[in-house]
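Below is one structure, written out as structure tokens; the observations come after it.
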Amino acid sequence: FEGGKVVFNYAEDRLQILFDAMPSEEMRSKLKMRAFKWSPRFQAWQRQLTRNAEYAAGQVLKITI
């Protein structure tokens with residue numbers, strides 16, 4: 001997606017969303033509402049890699065995954 005990328009991190013069993021710049025407060029709120037957590041280790045918003053996580057990412061980013 002424009003402004004970042006979605007990563008399927010199979011080694012860590014995480015769906016990760018990486019932004020090129022800090023996302024807006026509104027975007028961060030949407031991510032939190034969809035159970036994404038900030039990972040300082042990976043510098044990414046992430047949650048466990050499931051079909052629900054894929055759906056949630058699609059809803060937040062308004063893309064098809």
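The values are calculated or read from the model by the stated rules, or taken from the named source; none is laboratory data. Since the structure is predicted, the reported quantities are computational estimates derived from the model, not experimental observations. Using ideal geometry, Cβ is built from the backbone for each residue, glycine included, and neighbour counts are taken over all protein chains shown. Only protein heavy atoms, including side chains, enter the accessible area calculation; ligands, DNA and RNA are left aside. Shrake-Rupley method; radii C 1.70, N 1.55, O 1.52, S 1.80 Å.
List of remarks:
- If you sort Ser24, Ser39 by accessible surface, 1.4 Å probe, largest first, the order is Ser24, Ser39.
- Cut-off 15 Å between beta-carbons: net charge of the residues surrounding Pro23, Lys and Arg +1, Asp and Glu -1: +3
- Each residue of the stretch 22-32 was assigned a 3J(HN,Hα) from its phi angle through the Karplus curve 6.51 cos²θ - 1.76 cosθ + 1.60 (θ = phi - 60°); the sequence is 4, x, 5, 4, 4, 5, 4, 5, 5, 4, 5 Hz, with glycine and proline shown as x.
- Each Lys and Arg Cβ is given +1 and each Asp and Glu Cβ -1; about its Cα centre, the chain then shows a dipole of about 220 debye.
- In Hz, Karplus ³J(HN,Hα) per residue of the stretch 51-65 (6.51, -1.76, 1.60; θ = phi - 60°; x = Gly, Pro): 5, 5, 5, 4, 4, 4, 4, x, 5, 5, 8, 6, 9, 9, 10
- Other residues lying with their Cβ under 15 Å from the Cβ of Arg41 contribute a combined charge of +1, Lys and Arg counting +1, Asp and Glu -1.
- Karplus 3J(HN,Hα) series, Hz, for the stretch 4-19 with 6.51 cos²θ - 1.76 cosθ + 1.60 (x for Gly, Pro): x, 8, 9, 10, 8, 8, 5, 5, 9, 6, 9, 9, 10, 10, 10, 9
- Checking (i) 42, 9, 7; (ii) 16, 14, 11; (iii) 19, 18, 12 against the coordinates, the calculated semi-axes √(5λ) of the Cα gyration tensor in Å falls under label (ii).
- For the residues Thr64, Thr50, a 1.4 Å probe over the protein chains yields an accessible-area ranking, largest first, of Thr64, Thr50.
- Other residues whose C-beta falls under 15 angstrom from the C-beta of Asp13 contribute a net charge of +3, scoring Lys and Arg +1 and Asp and Glu -1.
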